[in-house]
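For reference, the structure discussed in these notes is given below.
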Amino acid sequence: MLDRLPFLVGLRYVRAKRRNHFISFISMTSMLGLMLGVAVLILVLSVMNGFDQELRTRILGMVPHTKIEARNGMVEWEALANQLIERERVIGAAPYIEQQGMFSVGGRNQGAMVNGIHPEWEDRVSIIGEHMQQGSLSDLEAGEWHIVLGSMLARQLGVGVGDRVTLLVPEASITPAGVFPRLKRFTVSGIFSVGAELDASLAYAHIDDMQTLARMGNAVGGLRLELDDLFTSGQETRAILNTLGPEYQGRDWTFSHGNLFQAIQMEKRMIALLLTVIVAVAAFNIVSTLVMVVTDKRADIAILRTIGATPGSIMGIFIVQGLAIGIIGIAVGVGVGVLLALTIADLIGWAESVLGIQFLDAGVYFISDLPSRLLWSDVGNIVAAAFGLTFLSTLYPAWRAARVQPADVLRYE
């Protein structure tokens with residue numbers, strides 16, 4: 001019976017109605033604080049995981065993991081691509097030509113990066129084909145001067161499929177009439193949308209057309225490579241350059257988007273730390289709750305000691321009571337947090353439709369909707385941290401209870 005005493009009495013104290021309503025209020029506040037802290041921590045980490053996933057799939061799905069370029073242009077690019085694909089880490093390669101330019105139509109001007117691509121090779125290194133709203137990459141045919149625009153870029157220019165746009169490139173053409181900027185009229189054959197900033201700054205044309213426009217002959221700007229693990233891009237790029245020799249140079253994705261990824265990781269750690277402090281504050285509210293319970297139950301403790309309860313059993317009673325309060329708060333918090341993490345995108349979409357506003361503008365942020373990715377490992381870590389803090393918060397009050405002297409208490413009863 002005495003072995004079960006801590007559980008029986010501790011759980012009874014949790015269920016019992018107290019004469020002191022202030023103790024009940026503090027106990028409920030501690031439970032609600034744990035619930036909110038755990039729920040918010042799960043929700044925020046899920047959203048940060050969602051941003052991390054969107055960065056990897058959308059942004060880095062469009063941006064090459066690494067680029068290999070030749071200093072004087074790359075003519076035998078197909079043989080080199082086949083050579084690089086044989087490497088263990090490389091799972092795809094495609095040629096490209098990058099050309100910074102400005103689109104002009106009907107008095108509207110908008111700068112963008114134009115990628116010259118080979119439609120049959122591009123799907124090996126990019127997800128662009130999966131995000132075509134209108135048309136397809138196969139519509140880009142050599143000599144037809146077709147172009148695929150991002151959805152925001154097309155909207156800013158006020159054009160759609162079948163319209164014509166003029167591309168001006170920052171290179172001069174010398175004619176008998178003088179020096180003029182090089183320009184070419186393209187027909188819009190497709191529009192893509194990845195829900196990111198690239199929709200406003202990127203366009204695709206056939207690589208043969210871009211070779212003609214850039215006067216590169218049969219050469220391409222370089223090769224874009226897709227790796228099985230994007231976090232090995234720096235190491236793999238250096239290994240490839242050491243193999244190819246000094247006439248080649250390379251850049252991986254960290255040069256263009258590494259800071260964004262590092263910022264998300266840093267924000268995730270800092271937010272997790274700050275919200276853990278909130279959970280800690282809620283957990284340590286249990287200290288005040290149990291201290292007041294110990295003071296209120298001094299007579300009960302003295303009676304239990306006189307009938308044979310050990311100091312360890314008395315400690316166990318209040319540890320069980322504190323853990324019960326914490327476990328209830330943590331369990332409810334996990335349920336609420338998981339539910340919010342799984343439905344936050346729909347809730348935000350509903351709020352946007354009701355209020356008529358957009359919380360995330362792709363022109364400002366790199367995505368246009370709020371992503372969420374629930375990781376059960378994060379949930380487990382949160383539960384473990386909250387439970388550990390709750391257990392620590394029960395030790396001091398339980399120790400105080402174990403030190404109560406029955407003779408001193410019962411003398412005045």
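The values are calculated or read from the model by the stated rules, or taken from the named source; none is laboratory data. Because the structure is a prediction, the values reported are computed rather than measured. With ideal geometry, Cβ positions are generated from the backbone for all residues, glycine too; neighbour counts draw on all protein chains shown. Quick note on the areas: whole protein, heavy atoms, side chains included, nothing else; ligands and nucleic acids left out. Shrake-Rupley method; radii C 1.70, N 1.55, O 1.52, S 1.80 Å.
Couplings for region 64-81, taken from phi via the Karplus curve 6.51 cos²θ - 1.76 cosθ + 1.60 with θ = phi - 60°, read x, 5, 7, 10, 10, 10, 9, 5, 10, x, 10, 8, 8, 6, 5, 5, 5, 4 Hz in order; Gly and Pro are left as x. Accessible area per residue for region 73-133 in Å², computed with a 1.4 Å probe and the full protein assembly in place, what is it? Each residue of region 73-133 exposes 50 Å² on average to a 1.4 Å probe. Shape call for region 117-159 from the C-alpha gyration tensor, a ≥ b ≥ c root eigenvalues: rounded (a/c under 1.5), prolate (a/b greater than b/c) or oblate? It comes out oblate by the Cα gyration axes. Computed from backbone phi, the HN-Hα couplings of region 310-326 come to 7, x, x, 5, 5, 4, x, 4, 7, 5, 4, 4, x, 5, 5, 4, x Hz, rounded to whole numbers (Karplus: 6.51 cos²θ - 1.76 cosθ + 1.60, θ = phi - 60°; Gly and Pro given as x). Using the Cβ-Cβ distance between residue 392 and residue 28 with R0 set to 30 Å, the FRET efficiency works out to roughly 0.90. Scalar couplings 3J(HN,Hα) for region 183-199, obtained by applying the Karplus form with A = 6.51, B = -1.76, C = 1.60 to θ = phi - 60°, are 9, 8, 8, 10, 9, 6, 10, x, 9, 10, 8, 10, x, 9, 4, 5, 5 Hz; x denotes Gly and Pro.
With the simple model of a label 7 Å out from the Cα in the direction of the Cβ, residue 350 to residue 284 spans 3.8 nm. Computed over Cα pairs, the Kirkwood radius of region 211-272 leads via Stokes-Einstein (0.692 mPa s, 37 °C) to a diffusion coefficient of 228 µm² per second. Amide H contacts under 5 Å for residue 127: 62, restricted to partners 5 or more places along the chain or on a different chain, H placed in the peptide plane at 1.01 Å from N. Taking amide hydrogens as placed 1.01 Å from N in the peptide plane, the amide H of residue 252 sits under 5 Å from those of 67, each at least 5 positions away in sequence or on another chain.
Our estimate of slack between residue 399 and residue 108, defined as 0.36 nm per intervening residue step minus the Cα-Cα distance, is 97.2 nm.
If you average 1/r over every pair of different alpha-carbon atoms in region 229-347 and take one over that average, what Kirkwood value in Å do you get?
Numbers: mean 1/r = 0.0495 Å⁻¹.
Hydrodynamic radius (Kirkwood, Cα only) of region 229-347 equals 20.2 Å.
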